[in-house]
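The structure appears below as structure tokens.
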Amino acid sequence: MPKVQDILVLFQTSPALDVVPSAWARYEASKGTGIKDLIEERNPPYKNAMAAMRDGWQVIQMSEYHQRSEADGYELGPFPYQTVLSRFREMQTEEEDS
């Protein structure tokens, strides 16, 4: 089977690689074209980007640090920082529906 790219996006409150993600998204091409195992996970797949890197994921994008003052207060909207990781895995064979 060919190797295909899986993507993991960790959304964080800081650009540091050792920050616990607040949210995450997985795009696992290695599992085939159907999304049969999409579930809401209670815990992130890794405690931080460094742990994912130790498991073979490669960082392909990091957010830059945005300087903010205390007067800025809280930000509403999407998470300001994200780390995008990639790894190549063998394509899993898709089971035929019975």
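The values are calculated or read from the model by the stated rules, or taken from the named source; none is laboratory data. Since we're looking at a predicted model, the values are computed, not measured. Glycine also receives a Cβ, built like all others from the backbone with ideal geometry; neighbour counts cover every protein chain displayed.
Given (1) in a loop (DSSP other than H, G, I, E, B); (2) touching a helix residue (DSSP H, G or I) at 6+ places or on another chain (Cβ under 7 Å); (3) at pLDDT 90 or above, identify the lone condition not met by Q92. The single condition Q92 does not satisfy is (3).
Would you be able to tell me the number of residues in segment 16-27 that are more than 10 Å from the chain's Cα centre (by Cα) and surrounded by fewer than 16 Cβ atoms within 10 Å (Cβ to Cβ)? Residues that pass the stated criteria total 4.
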